[in-house]
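First up is the structure itself, then whatever we jot down about it.
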Amino acid sequence: MNERLKSARKAKGLTQADMAALLGYRSKSGYAMVETGRNIPPLGTALKIAMIVGSDVESLFSASDNNNP
């Protein structure tokens, strides 16, 4: 999960601090914990992340590297 989030964020030219601010976190560490997989965001936050980076929730947060059933 973490590499997909990191790649999507970087593709948009955003830093972890940018993402934290856009999501309403007090500091970048809150978002960094999501990106590293230490915290799983609530669905609403996951949807916001997907919208910001222009992706879908499933491709960003699925447990496998292959999204095909």
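A Cβ distance below 6 Å, combined with a sequence gap of six or more or placement on separate chains, defines the contacts here; from the range 45-56, residues that are under 18 Å from GLY13 (Cα atoms) reach residues that are open to solvent by 10 Å² or more (accessible area, probe 1.4 Å) and not charged (D, E, K, R) in the pairs LYS48/LEU23; ALA50/VAL57; ILE52/LEU22; VAL53/ALA8; SER55/ALA8. Taking the criterion of being modelled with pLDDT of 95 or more and in contact with a Lys or Arg (Cβ under 6 Å, 6 or more places away or on another chain), the only residue of the range 29-69 that qualifies is VAL53. Of everything listed in (1) on the phi < 0 side of the Ramachandran plot; (2) not in a helix (DSSP H, G or I), the single unmet condition for ALA50 is (2).
The values are calculated or read from the model by the stated rules, or taken from the named source; none is laboratory data. Bear in mind that the values here come from a model prediction, so they are computed numbers and not experimental data. As a convention, Cβ positions derive from the backbone with ideal geometry for all residues, glycine included, and neighbour counts pool all protein chains shown. Side chains included, ligands, DNA and RNA excluded: accessible areas come from the protein's heavy atoms. Shrake-Rupley method; radii C 1.70, N 1.55, O 1.52, S 1.80 Å.
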